[in-house]
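The values are calculated or read from the model by the stated rules, or taken from the named source; none is laboratory data. For clarity, every value in this text was computed on a predicted model and none was experimentally measured. Cβ: placed from backbone, ideal geometry, glycine included. Neighbour counts: every protein chain shown.
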Amino acid sequence: MIDEKYINNGPDAPLAIEPYDRVWGVGISGLTVNPSPFPRINKMLDWLKNLDSTADSQRAMIVTECDKKYAMYPQNIKWALTLRELYERVKINIWDDELIVGELVAPPNSAPIYPEFSIDWLVEEFRERPMDQRKNDRYVVSQDVIDDVYSIQDYWKGKTVSEAAIASYTEEELKGSHLGKCIALESLFMYAGVGHVTANYERLLSIGFGGIREQVLEQMAKLDHTNPDDNLKEEFYKAELIMIEGASTYIRRYGLLAREKADIEKDPVRKAELERVSANCLQVAEGPARDFWEAIQLWHIATNMIIVETNGHSVTYGRFDKIFYPYYKKDVETGNLTREFMQELIEHSFCKMHQLRKIRDTAAITFSSGTIMGGTALDVGGVDENGDDITNDVSYMVLDAHAHTRIPNPWMGVRLHENSPKEFKIKTFNVIRIGTGEPKIFNDKPMIESLMRNGKTLEEARGYVGVGCVEPSIPGKTYGWHDSGSFNLAKTVQLSLNHGRCIDCSESCERYSKCAGAGLSLGPDSGGLDTFESFEDVKKSFEIQMEYWCGQMIAMINKIDIAQQRLKPLPYLSLLIDGCIEKGMDVTRGGALYNHSGPQGVGIGTAADSLTAVKQVVFDEKRVTGAELLDALKKNWEGYEPLYAYVNSDRVHHYGNDDDYADEIAHYVMATYCKNIENRPTPHGGTYMPGVFSVTNNVMHGTVTAATPDGRKAYEPVSDCLGPVHTQCCSHDTCGPTAVALSAAKLDHSRIGNGIILNWKFSPTAVSGDTGRDNLIGLMDTYFEHDGMQSQFSIVGREMMLAAQKEPEKYKDLLVRIAGYSAYFVELSTELQNDLIGRTELSFD
Amino acid sequence: MLHKNAAGEPVGLITNIQRYTIHDGPGIRTEIFFKGCTMHCLWCSNPETISPKRELGIYPSKCMTEGKCSWCVRACPRGKELIKFDAEGLVSFIEKDGGCADCMKCADECPNHAIKSWGEEKTLKELMRVIKSDESFYRRTGGGVTLNGGEVLLQWEFARELLKACKEAGINTCVETALCVPSEHMEAVYEFTDLVITDIKHMDPETHKKLTGRSNELILENIRRTAELGKKLVIRTPVIHGYNNDEENIRKTGEFLRNELGGNIVAYQLLPYRRMGTEKYESLRTPYPFEDYKAPEREVWEKDLLKLADILRTEFDLPAVAGSSGKLDVEL
């Protein structure tokens, strides 16, 4: 079943089927045929890679029908009834070779449709921009599905979450929104659901849905039916009970189907597998998981149901090695399952994640392409509640599973701390050096500190998981609204240098007549480069704009939050997040133990280098006047070529070079963002937390931002995540990776409650050999010693990416790191490909 | 040669400071490149380090033209007298003999580095500030400082002070030198040196002279002396196909190391030739001696390196490896 050479026999080595120091190659990415030792996995990978992405209308049609049928019920009961009916009626399948079953109420690689959030955009895409014509994120949608969607559009008019949210915006809020000048991109959780959450898997696996039913009944028994608050709770609990029935039904149906298939199966091996799959499903439909296989089955399908309900992405799979080690240990000890078979199950579960789909609109796939489902995050390593290392065999097996699959799912995170085993780091960095961009690494210390600064105990904080891209979250206890917005710091700097007006303000702007044309400005007039007398004036102006625009963003996110609460309760998710059952409150309304909302600041490098350039060039050196610099920006540097070269050169201080002059300004920008975000209340009973990462929004924010003083030309991407600036002209970090690490670490990471990303790009030669490996580990250890929070790596040579642009057909499996995630390079939009190629490549030849 | 700055302080004439180098000594290192060399190897990829004086490099393709920019002309005390532009308005030449005060203002001011000053005077304090900033990385990885060149020992007095300051700060030190220098300069620097990296480019004195401009006797003598002093030593040979890749030469090298040094070296690294630095030759208006040299394909030189390393390992029991990315097993 498995090639002998994969068996790891060393007496002291951590037990996985691969040696801990196996080297798979450097910078070769996914370009390896049959990466897995398991033929079943290779076959599944081939199958999935060649299967078109499609859309499926079953969810949309059943939900629409139920919305009418159950209209008389309270929202939460209506939705529980709707989902139960969906799980009773939707067509289900079991596919060849599957050991873990369960779909997304749609076949593999097919996206369900969620009309309750928004539907008009989908109709518009179908009409105007056929999805099979897309260059990337292509979907082949059948005419039947298209017709189905057309047929329900009218029904949903005025009923969707997005319409409710937008209707509640004021004119003033609209101007900076995604419908205006995009200073704050607030709309992510409006056209779709929130997601960004991790279930309490330990509770579910140990007691099953049946056990959760007992928990609900226990609370229900305490209700006082004469108390109006309790009357509302009773509705909530009724919804929960209906929902448990729905979930159990869905799982049980797979159990029955597996039995049917087993009955007619001729191959005795497959027959036995199907019988076991059937038994697994029938057990976990209500009961607890009793071994590794049952546990992975329940974990998988329970997560799918969160996605089916919420339409959210970044539904996170938790700390895999912590959740699964007890099952693994018992099964190895009793001989119930072999280590090799459990390895195969892990790889299989990755393939199952890789089948999930979410359709996004054209704008989203231009800037954030290749995400497939998005946010299938899963972590390994780190400490337990006492601070002791938890790394175990399963941690190694999960890393091997990525080396064996090389697909961009799950979005894997490795938690590291001072006492992480050396072998584990070697395994981690050998996987990183393959060059697929997986896994990212977290530093426990600042992650834990950030959680404690946001109200968690030390013991709880130690149990964190990185939700979605990187957001620190207490699994099973948090409804974090992580990634609730994306704030354009670069554009805000611009407005603060030009009297609250866009640098490219002109009559061609569709807002012109109600803005500059009417003698007004977009933001408050806080002065401009032509009036400032000192750098202090610049800072004052920046602070005025920040306060104003952050406030606008918060107001809009609040309104989306309220719309979600009113229209889209989540009875299923409420079963799996601690606090909801105890409080008798839906998760959307604040049922979870911890509630947050985390909008990201984007373009910190661009903002910092812009303010730095103003300080140095205008006020310290007086090389040009403020008015001249403003004119240069308005003219997109035309006629100012020497100045453009100068601000891009190493003569001007830049963030990312371990240079306090610029780094202090980066710190100031970040602190200003934090001050305007942190600790504000959210409508669902929590607090706001700032994040500093862009994912790919730096490209999008760039397209609405004219030239900036750092030497960026109009509409180029702004800087990504925590990274230094790279403009069309050059990269601003010129002192190598230690300087980048020291600059980045000067910022106070533990203040960033919603997480940080720092992208590193190394040429393969820079990290090859044991020297390359150990110094890369040393570089990261030291960055973490300086309290850097997170790192992720792109180890694919620029040449390979350029070659892939030329001959995409040869590089179909070239997986690269984007931001919070990895994706297939040839499936990215050209804009994003170019942004990746442009990031500083650290090479030490 | 001890340089002093305008204030009379001792300075090093430095062409480059590179942080995070990982191939010249163990761990993560900061590498300082000194200007001035005693040799001029045909394949040298750092021609800007050969002359012991500050030089100006000109990169016309980076110039934004006199018409659009002319910041250099405005900066130069003699203005247009010394800075020459071609027909397209690109900077092409600086008449250093026409009364240039060597102030480097043109280079300092050029926003695009079309005029580049090779060789900056750096005080001990300035260098130590940069070196110390990566201390925590050295500590984690066993790294430290590597002085390189050019020939760092041409500025041995300053180098000695710098190495001493590093040792006082608890930072390990490595010197990469061609060792074609008086042995007393070498020994003066060794007092504060933990690891020496040097080359044996050829064993035949005549051929060595043809390839590098200098005979190898002094070098070999200094290598012997280095070993006698008990210094940890890494030997390298840049393997140039057609010049020194023959087995006879490598066997002679192996014999020398075995017979004279008792094979007592940390590592022997065989490095491939890479055609690099040609744009720097152009900027200095110096012809690249290897302009017409045709390097063999990768697979050919890779085989060369592996074969030679194998001879050194099996016949001479030397710790020989191809390339410099194998881990250097040495604690400093």
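Data table
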item	result
Tabulated pairs, the stretch A:148-176, first at positive phi, second surrounded by fewer than 16 Cβ atoms within 10 Å (Cβ to Cβ), C-beta under 9 angstrom, 6+ apart or interchain	A:Gly158/A:Ala167
Extreme residue, surrounded by the fewest Cβ atoms within 10 Å (Cβ to Cβ), among residues of the stretch B:116-133 that are within 14 Å of chain A (Cβ to nearest Cβ) and more than 21 Å from the chain's Cα centre (by Cα)	B:Arg129
Test for A:Val647: is it within 14 Å of chain B (Cβ to nearest Cβ), within 23 Å of B:Lys68 (Cα to Cα) and either not in a helix (DSSP H, G or I) or not hydrophobic (A, V, I, L, M, F, W, C) (or both)	no
Filtered residue count, the stretch A:536-549, keeping only those that are crowded, with 17+ Cβ neighbours inside 10 Å and out of contact with any strand residue (DSSP E or B) (no Cβ under 7 Å at 6 or more places or on another chain)	9
Where B:Leu127 falls short, out of the listed (1) in a loop (DSSP other than H, G, I, E, B); (2) out of contact with any Asp or Glu (no Cβ under 8 Å at 6 or more places or on another chain)	(1)
Some residue of the stretch A:143-151 being part of a helix (DSSP H, G or I), within 27 Å of the chain's Cα centre (by Cα) and farther than 29 Å from A:Asn488 by Cβ	no
Within the stretch A:96-123, considering residues that are of a type in the set (D, E, K, R) and in contact with a Ser or Thr (Cβ under 9 Å, 6 or more places away or on another chain), the one farthest from A:Trp156 (Cα to Cα)	A:Glu103
Enumeration of residues in the stretch A:74-131 that are among the acidic types (Asp, Glu) and at negative phi	A:Glu85, A:Glu88, A:Asp96, A:Glu98, A:Glu103, A:Glu116, A:Asp120, A:Glu124, A:Glu125, A:Glu128
Answer residue from the stretch B:5-43, given it is assigned to a loop (DSSP other than H, G, I, E, B) and closer than 10 Å to B:Gly150 by Cβ and is nearest to the other protein chains (Cβ to nearest Cβ) among those	B:Lys35
Flag for A:Tyr655 being in a loop (DSSP other than H, G, I, E, B), among the aromatic types (Phe, Trp, Tyr) and more than 14 Å from chain B (Cβ to nearest Cβ)	yes
Inter-residue pairs, beta-carbon under 6 Å, first at the interface with chain A (Cβ under 8 Å from one of its Cβ atoms) and surrounded by fewer than 24 Cβ atoms within 10 Å (Cβ to Cβ) and in the stretch B:136-154, second outside any strand (DSSP E or B) and hydroxyl-bearing (Ser, Thr, Tyr), 6+ apart	B:Ser136/A:Thr782; B:Arg140/A:Thr782
Number of positions in the stretch A:791-831 that are in contact (Cβ under 8 Å) with a residue 24 or more places away in the chain, closer than 30 Å to A:Asp781 by Cα and of a type outside the set (Lys, Arg)	20
Boolean, B:Tyr293 is farther than 30 Å from B:Phe192 by Cα, among the aromatic types (Phe, Trp, Tyr), in the same structural domain as B:Asp317 (by TED's automatic domain parsing) and surrounded by fewer than 16 Cβ atoms within 10 Å (Cβ to Cβ)	yes
Single unsatisfied condition, A:Asn698 versus (1) in a helix (DSSP H, G or I); (2) within 14 Å of chain B (Cβ to nearest Cβ)	(2)
Test: B:Thr173 is over 20 Å from B:Leu257 (Cα atoms), outside any helix (DSSP H, G or I) and at pLDDT 95 or above	yes
Index of the failed condition, B:Tyr281 passing every other in (1) at pLDDT 90 or above; (2) within 14 Å of chain A (Cβ to nearest Cβ)	(2)
Residue in the stretch B:271-281 that is of a type outside the set (Ser, Thr, Tyr), farther than 26 Å from B:Gly143 by Cβ, assigned to a helix (DSSP H, G or I) and touching a helix residue (DSSP H, G or I) at 6+ places or on another chain (Cβ under 7 Å) present	yes
Residue match in the stretch A:135-145 (condition: β-branched (Val, Ile, Thr) and closer than 30 Å to A:Gly551 by Cβ)	no
Cβ pairs under 8 Å, 6+ apart, first in the stretch A:182-207 and on the phi > 0 side of the Ramachandran plot, second part of a helix (DSSP H, G or I)	A:Cys182/A:Gly176; A:Cys182/A:Lys491; A:Cys182/A:Met700; A:Cys182/A:His701; A:Gly195/A:Ile306; A:Gly195/A:Ile307; A:Gly195/A:Thr310
Odd one out for A:Leu86 among (1) under 30 Å from A:Phe793 (Cβ atoms); (2) not in a loop (DSSP other than H, G, I, E, B)	(1)
Within the stretch B:310-328, tally of residues that are under 13 Å from B:Tyr268 (Cβ atoms) and within 14 Å of chain A (Cβ to nearest Cβ)	6
Selection count where residues are assigned to a loop (DSSP other than H, G, I, E, B), away from every other protein chain (no Cβ under 14 Å) and farther than 30 Å from B:Leu271 by Cβ, scope the stretch B:44-93	7
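Here is a yes/no grid of residues against (1) part of a helix (DSSP H, G or I); (2) at positive phi; (3) not aliphatic (A, V, I, L, M):
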{"residue": "B:Lys210", "(1), (2), (3)": "yes, no, yes"}
{"residue": "B:Ser215", "(1), (2), (3)": "no, no, yes"}
{"residue": "B:Ile219", "(1), (2), (3)": "yes, no, no"}
{"residue": "B:Arg224", "(1), (2), (3)": "yes, no, yes"}
{"residue": "B:Gly254", "(1), (2), (3)": "yes, no, yes"}
{"residue": "B:Leu257", "(1), (2), (3)": "yes, no, no"}
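A quick yes/no check of all residues on (1) buried (at least 22 other Cβ atoms within 10 Å of the Cβ); (2) touching a helix residue (DSSP H, G or I) at 6+ places or on another chain (Cβ under 6 Å):
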position	(1), (2)
B:Asn5	no, no
B:Thr21	no, no
B:Pro26	yes, no
B:Glu109	no, yes
B:Ala114	yes, yes
